[in-house]
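Let me begin by presenting the structure, written as structure tokens, before commenting on it.
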């Protein structure tokens, strides 16, 4: 193998981190909090859901207008031609102020309550979108940091292979090493170079994903991420309880049920009478050939009751439809409950396994490191074969990759658990103050043991 022609220098390999000519030139920048807030500010899904909250706020005002006074001014000028009375043809003008106030109809206040619950649904959906974007940002951030470390490991592995290649090539030129040894180290060095190129390609891809989510390139040096939220140290039943109380997707499902309950009650109100307060004041003037030559004034005030006897069956159909909507909302809640329960249980189990695996993986990596150093020294004095050295280098490389991946997998699973429990944005100090505040902040009183039982599956697995 011609070292100068077929292998990259380590310096060039590390600058291959330029991947898209970015990492070597970017200034060292910030932490995860800044990346998350930037992603939330520019993400179109967050902005779209924000608009949904604002539109639902307008819907509350629209529903509330039904119980507020309605005032009209009516006026006109007319020509009258009739075939009765003494004066059959004349001109006249009139003006009237009309006031209507709904007193009761069994529908309006439930429509307002429904609109408030729907706004709570939209707000929780906004938090859910933001929660998911936060998680995707955390993953993208950690993937870039993980891949940067894997590239460093691959570059170090390539550097070690180049060093051994130099030793073997020197021995071969001196007539000491066999040609088969030179071929073997040439092939292993080429494989190490290929591994480095693969890791660099992976880094390129995760940077592209980071750019899509955050809207900016990652800094050259990413701060470490460590989650110390108290929910991570709790047992799975307590974590499930936290998830049911704080997961925005589940809270949205609960508010949706309340909205559908108000919708049912509002449609049942169609069978109730409507009472309105009506008042008006008007004036009329006719010309000299009209019956009245002066100005007429008229004022009225009264209460009107209206009770519908038949509306073509639409009232019954609306009630039937709203009841189906209520059943659907309850089914959605059950589905969300099962999804969250599975997410929490799986994340908890993954973290439990990783907590046990990491010490073993670290021990394996440290042992492999000591072995490869010893084998390299022994190879220099002829006590180890080339294959021993190459195998020890490869074992250390694979052990380092396994340990690195496990460390980052642990942090990602912590983020996943925090997302499921509704604590992730708080854990990364995401700025939620920019979100609109809903009018309905009533805390729902729910028996979680009934609607969504908590289970610890650890009793079915030998830990």
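The values are calculated or read from the model by the stated rules, or taken from the named source; none is laboratory data. Because the structure is predicted, anything quoted here is derived from the model rather than measured. Glycine also receives a Cβ, built like all others from the backbone with ideal geometry; neighbour counts cover every protein chain displayed.
Name the residues in the stretch 220-234 that are more than 22 Å from residue 156 (Cβ to Cβ) and surrounded by 14 or more Cβ atoms within 10 Å (Cβ to Cβ), would you?
223, 225, 227, 229, 231, 232, 234, listed by residue number.
Please state which of the following conditions residue 438 fails to meet, knowing it meets all the rest: (1) surrounded by 15 or more Cβ atoms within 10 Å (Cβ to Cβ); (2) assigned to a helix (DSSP H, G or I); (3) touching a residue at least 60 places away in the same chain (Cβ under 8 Å).
Residue 438 satisfies all of (1) surrounded by 15 or more Cβ atoms within 10 Å (Cβ to Cβ); (2) assigned to a helix (DSSP H, G or I); (3) touching a residue at least 60 places away in the same chain (Cβ under 8 Å) except (2).
Can you tell me which residues in the stretch 194-212 are surrounded by fewer than 20 Cβ atoms within 10 Å (Cβ to Cβ) and touching a helix residue (DSSP H, G or I) at 6+ places or on another chain (Cβ under 6 Å)?
202, 209
Give the residue that is farthest from residue 214 (Cα to Cα), with candidates limited to residues of the stretch 29-47 that are free of Cβ contacts under 8 Å to residues at least 12 places away in the same chain and under 13 Å from the mean Cα position of the chain (by Cα).
Looking at residues that are free of Cβ contacts under 8 Å to residues at least 12 places away in the same chain and under 13 Å from the mean Cα position of the chain (by Cα), I get 47.
Tell me the residue from 306, 270 that is touching a residue at least 60 places away in the same chain (Cβ under 8 Å) and either closer than 21 Å to residue 108 by Cα or within 44 Å of the chain's Cα centre (by Cα) (or both), please.
Of 306, 270, the one residue that is touching a residue at least 60 places away in the same chain (Cβ under 8 Å) and either closer than 21 Å to residue 108 by Cα or within 44 Å of the chain's Cα centre (by Cα) (or both) is 270.
Residues that are over 29 Å from residue 122 (Cα atoms) and at pLDDT 95 or above: which helices (runs of 4 or more DSSP H) entirely in the stretch 178-278 hold 3 or more of them?
179-214
So residue 139 clears everything in (1) without any contact (Cβ under 8 Å) to a residue 12 or more places away in the chain; (2) within 14 Å of the chain's Cα centre (by Cα) except one condition, right? Which one?
If we test residue 139 against (1) without any contact (Cβ under 8 Å) to a residue 12 or more places away in the chain; (2) within 14 Å of the chain's Cα centre (by Cα), just (1) comes out false.
Name the residue, out of 338, 305, that is over 28 Å from residue 449 (Cβ atoms) and either assigned to a helix (DSSP H, G or I) or touching a strand residue (DSSP E or B) at 6+ places or on another chain (Cβ under 8 Å) (or both).
305
Looking at this structure, is residue 122 assigned to a helix (DSSP H, G or I) and either in contact with a strand residue (DSSP E or B) (Cβ under 8 Å, 6 or more places away or on another chain) or farther than 26 Å from residue 214 by Cβ (or both)?
no
Can you tell me which residues in the stretch 156-176 are touching a residue at least 60 places away in the same chain (Cβ under 8 Å) and farther than 15 Å from residue 394 by Cβ?
Listed by number, the residues that qualify are 166, 167, 168, 169.
Can you name the number of the only condition in (1) within 33 Å of the chain's Cα centre (by Cα); (2) surrounded by 15 or more Cβ atoms within 10 Å (Cβ to Cβ); (3) not in a helix (DSSP H, G or I) that residue 417 fails?
With (1) within 33 Å of the chain's Cα centre (by Cα); (2) surrounded by 15 or more Cβ atoms within 10 Å (Cβ to Cβ); (3) not in a helix (DSSP H, G or I) applied to residue 417, the lone miss is (3).
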